[in-house]
Structures are given as structure tokens and as C-alpha cells.
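The block underneath contains the structure these notes are about, expressed in C-alpha cells.
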Amino acid sequence: MDFRGKENEPLLKAEQIQQQQRSKWISTRVKVMIYAMINTIALLIAGSAQTQYIYAYVKHHDAANNSTTNSNNSVSKNVSESCGVNSTSDDKIQAISADWSWYITLAEYGIAIPFIIFIGPMVDRIGRKPVLLWNLSFMTLSFAVKTLTIYLKLNLYYFLVGFAIEGLSGTFSTFSIASCALLADTTSKGKDRTIVMVIYDALIGLGAFISFIGTGYLIEFTGFIYPFAISCGIFFFFTILVAITLDDSLVHHETTSRIQVSVFLGQIFSLYTKVENISRGVSYILIYLLIFFIYNMPSSGSITTIFTLSSPFCWSSEHIGWFSAGSSIVVFVGGTVILKILQICFKNITDELVVILSLLSSVASYILFGLSTNDWMIYESAAVGILKILPIPLIKAILSRAVHPDKQGALFSNIYLLDTVCTIFGSTLFNNIYHHTVKLHKGFVFFVMAGFPFIALVMMIFVTCKTNSAKDPIELDIDNPQIQNSDTPS
């Protein structure tokens with residue numbers, strides 16, 4: 001009996017280890033999703049106040065000669081009370097506010113680019129947790145500077161310093177790179193990873209919903225300083241929480257090898273620099289170009305806020321908060337529910353087909369928003385765009401399934417590097433278009449925005465046809481990025 005017990009012991013141990021590993025994976029997944037929601041709340045409590053503060057600052061200083069008070073609260077109320085009084089002056093204020101939104105994007109994301117280039121490979125070398133702590137520490141410092149700028153009523157140029165520090169953190173992209181790598185570590189390839197990525201984005205939407213509603217009332221009743229101060233406090237305690245509770249999922253650490261800049265750059269840009277790979281891996285190159293077009297969508301946020309603050313809408317901070325919250329629930333949670341229904345009702349539906357439907361939703365939403373002349377048309381545009389956020393998590397899942405597990409960090413660096421570059425590009429393009437067309441037609445810029453997902457739609461149809469014609473499953477290695485048949489012996 002003793003002999004048989006010892007004989008079965010290794011098998012039992014293996015099963016126990018496997019069970020412990022599975023439990024650890026689930027635990028890590030849950031933690032990462034909770035982290036994502038907290039991070040979104042911290043970012044957007046202040047983030048949703050950012051454009052409103054700039055608009056209020058510009059408007060307040062434009063009417064400085066007639067102002068009798070300098071309180072933050074009075075600035076907020078002046079924005080809604082004087083809306084539509086002087087159409088020419090209001091157009092000028094919108095144009096200047098759009099310019100400042102552009103400057104902030106350049107200061108934040110321009111500095112972030114080199115950090116994002118190196119963050120991905122570092123995530124695969126030193127682990128996910130150190131990168132998260134780096135990001136959260138600098139985010140705390142960034143929001144402290146922004147809070148101080150508003151409290152002391154300093155010039156907007158000092159506001160830019162806070163965003164430059166945020167750029168040193170790698171922005172939200174660095175947090176996402178590490179988080180997505182953690183999720184990839186703890187999921188299997190296939191629909192499991194797809195739905196986890198979508199749920200991750202849905203919880204980001206839930207965090208956005210919470211922050212948008214709260215921020216609207218905070219601004220209306222207390223002014224602009226409290227949203228930024230609260231964000232700073234959340235990031236401070238969030239950093240401590242991650243340091244204490246997160247166990248890094250990366251088992252293989254390459255800390256003994258020498259860190260070379262050329263190797264890092266090779267990992268990031270290998271998909272684009274190997275000519276012999278482009279023809280064979282055309283589907284993946286096109287998917288990256290597709291992301292380029294999709295990721296111009298976040299650039300519309302500040303313009304949408306300026307658009308609704310001005311005549312004929314004249315929305316208050318509360319109104320903007322509720323609309324932003326409702327839009328977040330519609331696109332993040334509503335889109336996730338529809339995706340799940342599609343997967344249940346149509347067993348053979350592919351991620352690529354869902355992306356095509358989502359892009360159609362995005363095009364229609366932007367066109368309707370650009371035509372809006374009353375509140376109800378804006379609400380309808382948000383409802384029509386219920387699927388527009390789905391392409392982002394779906395494409396991340398498609399790419400993640402094609403990349404070696406040890407190179408997930410490098411993969412997501414590729415994605416979020418493009419995100420950053422496209423945010424700069426989109427902000428430059430759209431804010432300048434809005435500046436120069438605001439007197440002609442305020443909604444014109446949204447027609448231009450609709451063109452990007454339309455081009456992406458055409459490209460995605462081509463990608464789908466190309467992918468379906470492939471006979472063998474493929475796996476993509478970031479370091480050696482030729483497309484390989486997964487059933488070929490190594």
C-alpha cells in the first residue's frame with residue numbers, strides 16, 4: 001500500500017499544481033479587471049473635467065474685463081450661463097480651446113512615444129508588475145501637478161507640465177500593455193481570450209460610467225479642483241494596492257541578459273522592417289493598419305465636449321457627465337452583451353465579421369453626430385454607435401492568439417505605440433479641422449472622422465477574405481516574425 005501511495009504521489013502533486021495554477025490565473029484575471037476599472041475611474045474623474053476646464057479658462061479670460069470674481073465655481077457657472085450670448089466670440093473660444101487640447105496631446109503623447117517603445121520588451125523581461133508601478137507612480141505625480149496648477153490659478157502652460165509628466169509614465173498605454181499581457185498570460189487561445197479582453201474593456205466602460213456622472217456634479221457644485229485632487233488621491237492609493245496585492249504572472253525573466261536598444265527596437269519594428277515577411281504576412285500588416293484607423297476615435301473626445309458646451313446645445317457639466325456616462329454604458333457594456341448574444345446565437349460567427357459590423361456602427365454614429373442640431377440627435381448617434389468600441393478588444397485578441405506567449409508585451413507595445421502615434425495624429429488633424437471649420441459647420445469634423453472607420457471597413461473586408469483563404473493555422477513570433485504554420489515541427 002505504501003508503495004502504491006508513493007507511486008501515485010507525483011500524479012497527485014501534478015494535479016494539485018495544475019489546480020493551484022488555474023486558481024492563480026483566475027485570481028490574477030479578476031485583479032487585473034478590478035485594477036482596470038479603478039484606473040479608469042482615476043483617469044476620467046479628472047479627464048472628463050480637463051476639456052471643460054480649458055474651455056472655462058479660455059472663456060473666463062476672454063471676458064476678464066467684465067468678471068468680478070475669480071473663483072473656480074464662478075468659472076464653471078459662467079460657461080453655461082453665457083452660452084450663445086455672442087456667437088462670434090463663442091466660435092473663437094471653441095477654436096482656442098481646440099488648440100489647447102491639441103497642445104496637451106502633443107505634450108503628453110509626444111513624450112510617451114519613446115517610453116512605450118521600450119516598455120513592451122521590458123514587460124517581457126522584468127515582468128508586468130514593475131511596469132505597472134512605474135506607470136502609477138508617475139500618474140500620481142502628474143495629477144498632483146495639475147491639481148496644484150488649478151488651485152494656484154496658474155497659466156495653462158503650467159497645466160502642460162502635468163501632462164508632460166504623465167507622458168513620462170507612458171500614459172494609459174503603459175498600464176494597458178502590462179494589463180493585457182497579464183490577461184494573455186492567464187487565458188488560453190481562442191474565444192476564452194476574446195471574451196476576457198472584451199469583459200476587460202466592458203469594466204473600463206463601467207469605470208467610465210461611474211467617473212463621468214460623479215465628475216459632472218463635482219464640477220457643478222465645487223469647481224474644477226476636486227476632480228483632479230480626487231484622481232491624485234486614487235492613483236496614490238492604487239499604487240500601494242498594486243504593490244501589495246499583485247503577483248506577477250511572468251515566470252521567465254530575462255534579467256541576466258544584457259539589455260540592448262537594438263534588440264528592443266527590433267522587437268517593436270520587426271513586423272514592418274522585414275520585407276520578405278510583408279507579402280506572406282499581409283493579413284497582419286493590414287490588421288495593424290486597421291488599428292491605425294480605429295485608434296483615431298479617442299481623439300474625438302475633447303472635440304465632442306467643446307461641441308456640446310457651445311450653442312445650440314449649451315450643455316452643463318451635469319448634462320455632459322450623464323451623456324458621457326450613458327455613452328460609456330452603451331458602447332462598452334451594451335456592445336459586450338451584443339457580442340455575447342451573437343456568439344450564443346451564431347456559433348460559427350468570427351471575430352472578423354463582428355469587427356465589420358462594428359465599423360459600420362461607427363461610421364453611422366459619426367455621420368449622425370455631425371448632422372446633430374438638437375439633443376435628441378446626439379442621443380441617437382450614441383445609440384447607433386453601440387458596437388463601435390468592439391473592434392479594439394477583438395483585434396487585440398486576434399493578434400494575441402497569433403503571437404508567442406513570451407512576446408505578449410512586445411505585441412501590445414506595437415498596438416499601443418500605434419495608439420499613441422494615432423492619438424497625436426488624430427488630435428492634430430481633428431482639432432485643426434475643427435478650428436478652421438467651426439464657423440462654416442461645427443459638425444464637419446465628425447464627417448472626416450467617419451472616413452477613418454470607413455477605410456478600416458474596406459481593409460477589414462480584405463483581411464477577412466485573405467484570412468479565410470489561408471489553409472493552415474498560423475503563429476507569429478515578434479522576434480522572428482515570418483508567418484509559420486503551427487503544425488510545422490520546430
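The numbers here are math on the coordinates, done by the rules we state, and not lab data. All figures in this text were calculated on a predicted structure; none of them were measured in a lab. Here Cβ is always computed from backbone atoms with ideal geometry, including for glycine, and neighbour counts include all displayed protein chains.
Observations on the model:
- Each peptide in 452-465, 107-120 receives the mean, over its residues, of other Cβ atoms within 10 Å, and ordering these scores from highest gives 107-120, 452-465.
- For the pair the stretch 128-146 / the stretch 318-343, the C-alpha centres are spaced 28 Å from each other.
- Close amide H contacts of VAL403 (hydrogens built in the peptide plane, cut-off under 5 Å, sequence separation of 5 or more or a different chain): LEU476.
- Cα gyration tensor shape of the stretch 313-369, rounded if a/c is under 1.5, else prolate or oblate by comparing a/b with b/c: oblate
- For q = 0.18, 0.32 Å⁻¹, Debye-computed log10 I/I(0) when each Cα of the stretch 108-153 counts as one equal scatterer: -0.65, -1.09
- VAL458 versus LEU371: modelled label distance in nm, points set 7 Å from Cα along the beta carbon direction: 2.2
- Cα Rg, Dmax, the stretch 168-234, angstrom units: 16.0, 48
- Extending 7 Å from the Cα toward the beta-carbon at both THR350 and LEU154 defines two label points whose distance is 5.3 nm.
- The length gained by stretching the chain between ASP192 and ALA383 to full extension, at 0.36 nm per residue less their Cα-Cα distance, is 66.0 nm.
- Rg [Å, one decimal], Dmax [Å, integer] - the stretch 400-455, C-alpha atoms: 16.4, 52
- Spacing of the two label points (7 Å from each Cα toward its C-beta) at CYS314 and PHE444, in nm: 2.6
- Length gained when the stretch PHE237-SER89 is fully extended (0.36 nm per residue, less Cα-Cα span): 49.0 nm
- Amide N of the stretch 92-106 lying under 18 Å from the label point, which is placed 7 angstrom from the Cα of THR428 along Cα→Cβ: 98-106
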